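The values are calculated or read from the model by the stated rules, or taken from the named source; none is laboratory data. Here the structure is a predicted model, which means the values were calculated and not measured. No Cβ is skipped: glycine too gets one built from the backbone with ideal geometry, and neighbour counts run over all protein chains shown.
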Amino acid sequence: MPEIKLVTEIHAPIETCFDAARSIDLHKQSTSKSKEEAIAGRTSGLCEKGDTVTWRATHLGVRQKLTSEITEMNRPYFFEDKMLKGAFKSMIHKHFFEFRNGKTILTDNFQYESPLWIFGKLADKLFLERYMRKFLLERNAFLKMICEKQIR
């Protein structure tokens with residue numbers, strides 16, 4: 001099962017970063033390349049524990065839907081979302097927040113399992129893991145920009 005770990009330093013308060021990361025509206029803005037839109041469940045505002053969101057997006061040229069649930073939340077330090085339905089066999093995204101030395105450290109732990117057994121593993125190695133890492137890095141760069149702009 002591929003695991004992507006990212007660490008992003010954000011010069012903004014932990015509460016600002018936590019709320020930005022769970023904002024449906026900011027998620028839509030940060031994923032404009034894949035035309036993500038929330039079409040069911042919570043479709044705007046801030047996600048809370050127990051919320052579900054169904055996203056429609058185009059990834060790798062394929063239009064798809066993904067439904068996830070916020071399964072854990074400890075504001076402003078942690079939240080977790082798990083895929084309920086979608087293109088992956090499984091997906092868990094853990095978001096950790098720590099305030100240290102005047103900045104928020106956002107640590108993402110993104111684990112997924114591709115479908116289609118050996119073909120999925122091959123896709124991971126050839127392009128999918130790299131694609132997902134780039135997608136998450138771009139999203140975090142957007143969150144960093146928004147959060148740091150808010151405190152200026």
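The table below lists the values:
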| quantity | calculated |
| --- | --- |
| Positions within region 1-27 being surrounded by fewer than 20 Cβ atoms within 10 Å (Cβ to Cβ), among the hydrophobic types (A, V, I, L, M, F, W, C) and outside any helix (DSSP H, G or I), in sequence order | Met1, Ile4, Leu6, Val7 |
| Residues of region 46-63 that turn out to be in a strand (DSSP E or B) and either surrounded by 15 or more Cβ atoms within 10 Å (Cβ to Cβ) or aliphatic (A, V, I, L, M) (or both), as a count | 9 |
| Top-ranked residue of region 92-125 - restricted to ones that are of a type in the set (Ser, Thr, Tyr) and modelled with pLDDT of 95 or more, ranked as surrounded by the fewest Cβ atoms within 10 Å (Cβ to Cβ) | Thr107 |
| Count of residues meeting criterion [closer than 18 Å to Phe110 by Cα and charged (D, E, K, R)] in region 1-48 | 4 |
| Condition met for Glu69 (loosely packed, with under 14 Cβ neighbours inside 10 Å and closer than 19 Å to Ile24 by Cβ) | no |
